[in-house]
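> Here you go, one structure.
The numbers here are math on the coordinates, done by the rules we state, and not lab data. Note that the coordinates shown come from a computational prediction; the quantities given were computed from them, not determined experimentally. Because the Cβ atoms are built from the backbone with ideal geometry, glycine has one as well, and the counts that use them run over all protein chains shown.
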Amino acid sequence: MRSTRIPSLLAVALAATCVSTLTPANAVPLAHTDPLRPYTQRTPAWQRCDASSPAGFECATVKVPLDYGDPGGATMDIAVSRLRASGAEERRGVLLLNPGGPGAPGLSLPVDLATDLPDQVKRRYDLVGFDPRGVGRSSPVSCGLTADERVTDHPYRAATFEKDVTWARTVAKKCRAHGGAAAAHLTTRNTARDMDVVRAVLGEKKISYLGYSYGTYLGAVYAQMFPRRTDRFVLDSAADPTRVWRGMFQGMAEGAEPAFARWSQWTARRDSTYHLGTTAAAVRETFRDLVAEADRAPVATDGGPVTGDDIRAQHSRLFHVQKAAEWVAALKRSADDRKPEPDGTPRRGPAAAPTESAPGVPADNAEASAWAVLCSDSHTWPRDPERYRRDAVRDKARYPLYGDFASTITPCAFWKPAAEPTTTVNNEVGALILQNQWDPQTPLAAGRAMHRALRGSRMVTVAGGEGHGVYPFGSCADESATRYLTTGRLPAEDLTCRAPAGPAAGHR
């Protein structure tokens, strides 16, 4: 499973038509007619990223327009990194990498993945990472949010809903006031345009791509906007391009229920180990009782007190059956052993430490940039808070684990409407989609929807696979992905391979 908007719908729609396609298919653009030439003809000044990184890990800054409808105006810096291909004679080009998000930096991804990627891939590609616009070292945005305002998970409760509406309105207002012009131009379409500028600056006619989670949508949007510059695209743990973005969160809630049923069945067969119930129904009742008890009196953990809502917010844990059973059993033991203080109040663990951002990056950068993209990409966010209330009540009944979290109010209800329409992904560009059966963030149904939208794609499903992220982490899908990246050959048909017996070790 977040930005401001672009000013004039008509102006930007026209500019998008011109800038994203640039020239007719086979025409050679004239210098004076290419508005992006001042950006695409620059030579990046590569230098070692930092003293703690490998010597061959280089970084540079690429200039891009803030507003592609006004390429002669203000600019943004895009931080780019690379590890050169190890085989000069075998080199095919660049493999652009994106870790997901939105709001996640990707500058370190070449080094992060280098250990796991097969040598034959590293011989053929420069591994290229980047921080998307507004993120990390790429002209980072901030909304000036407090620690409380940065909290994104809000369960629905009638007594606190008005407070949640105030939170959502405040975040949107602060992002308008503090995010400035940059936040208004944080969209997936603009990030895709940035990717194409990076392609040109690197001197490549086409780019190959490995993107995870949100990065699959970014890759699909790039393929839609620049189909003739798309080489070998691997989309790992795919988002549903037809449900951007509110529907994506609701899809998480839908997918959590069958995962909960699977977990309860698995755990019931191991009652001698976990003591949570001898039947699936008994395990589910134990879990629900634990949630209710934690809502009455938070359970002490090493990370601080945990409420029932906190437990439900971590629904993704239930997709990893063994880890989830261990977690729930530990919570239950803590709840059972809880002793009241002399005044009758429950003991509480230490408060969780706040998440720290990288040096020079605003503390709220991840949240500010994420809301910018999520809110600006889509016109489907309702504007009426009462619609969110009704949907949250309905979805908490339908999907008790996470339904209300997914459907309640967000800052997008108060965001300025986006200037550009949501991208319709519908093309025949070749791509390989990789999907674990039990993915907590982008459920299997989402991967299948991406596959339908990219009609030239093939899909490899890891039956029994757990976790978010498939390649190159030892999955049975690794062989298909490596073959595609090194030879360009997609599987002749969609494939299903089986994860090893026992709980799989998902990437995330």
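> Using the number of other C-beta atoms within 10 angstrom as an exposure proxy, rank Lys63, Lys205, Lys122, Lys323 with the fewest first.
Lys205, Lys63, Lys323, Lys122
> Once you charge only the Cβ atoms, +1 for Lys and Arg and -1 for Asp and Glu, what is the size of the charge dipole of the chain about its Cα centre, to the nearest 20 debye?
840 debye
> Fewest first, what order do Cys412, Cys175 take by the number of other Cβ atoms within 10 Å?
Ascending Cβ contact count within 10 Å gives the list Cys412, Cys175.
> Around Tyr209, what is the net charge, scoring Lys/Arg as +1 and Asp/Glu as -1 over all other residues with Cβ under 12 Å from its Cβ?
My count for the surroundings of Tyr209 gives 0.
> For the stretch 150-193, which chymotrypsin sites (Phe, Trp or Tyr not before Pro) are in a loop by DSSP, counting at most 10 other Cβ atoms within 10 Å? Could you put the intermediate results ahead of the total?
Working: sites: Tyr156, Phe161, Trp167; in loops: Tyr156.
Taking the stretch 150-193 and a limit of 10 other Cβ atoms within 10 Å, no loop chymotrypsin sites (Phe, Trp or Tyr not before Pro) are found.
> Let me ask something else. So what are the three principal axis dimensions of the stretch 124-242 from its Cα atoms, in whole Å, longest to shortest?
For the stretch 124-242, the Cα extents along the three principal axes come out at 56, 28, 22 Å.
> Right, next: I need the chymotrypsin sites (Phe, Trp or Tyr not before Pro) found in the stretch 380-415, filtered to DSSP loop residues with at most 15 other beta carbons within 10 Å of theirs.
Values: sites: Tyr388, Tyr402, Phe405, Phe414, Trp415; in loops: Tyr402, Trp415.
Here no chymotrypsin sites (Phe, Trp or Tyr not before Pro) fit, given the DSSP loop and packing criteria.
> From the C-alpha gyration tensor of the stretch 397-508, pull out the three semi-axes of the equivalent ellipsoid (sqrt of 5λ each), sorted largest to smallest, in whole Å.
29, 22, 11
> Something else: With viscosity set to 1.002 mPa s and temperature to 20 °C, compute the Stokes-Einstein D of the stretch 210-262, Rh being the Kirkwood radius across alpha carbon pairs; µm²/s, no decimals. Write down the numbers at each step before the final one.
On the way: Rh = 12.2 Å.
For the chosen part, D equals 175 µm²/s.
> Report the one residue of Ala370, Val429, Ala501 whose Cα lies farthest in the direction of the positive end of the charge dipole of the chain (charges on C-beta: Lys and Arg +1, Asp and Glu -1; origin at the Cα centre).
Of the listed residues, the answer is Val429.
> Given the DSSP H assignment, sum -39500 (n - 2.57) over each helix run of at least 4 residues in the chain and divide by its residue total; what's the result at 222 nm in deg cm²/dmol, nearest 500?
Details: 18 runs with 196 residues, N = 508.
It comes out at -11500 deg cm²/dmol, rounded to the nearest 500.
> Same structure, new question: Return one quarter of the surface area of the convex hull spanned by the alpha-carbon atoms of the stretch 246-337, equal to its mean projected area, in nm². Please report the intermediate quantities before stating the final value.
Numbers: hull surface 23.9 nm².
Averaged projected hull area, Cα only: 6.0 nm².
> With a 10 Å Cβ neighbour count serving as the proxy for reagent exposure, in which order, fewest first, do Tyr212, Tyr39 appear?
Ranking Tyr212, Tyr39 by Cβ neighbours within 10 Å, fewest first, gives Tyr39, Tyr212.
> Now for a different question. Looking at the stretch 186-313, what % of the alpha carbon pairs are farther apart than 25 Å?
On the way: 4180 of 8128 pairs.
Considering the stretch 186-313, 51 percent of its Cα-Cα pairs are separated by more than 25 Å.
> Which whole-number percent of Cα pairs in the chain have a distance greater than 33 Å?
41 percent
> Only four residue types carry charge here, +1 at the Cβ of Lys and Arg and -1 at the Cβ of Asp and Glu. Report the dipole size of the stretch 246-337 about the Cα centre in Debye, rounded to the nearest 20.
340 debye
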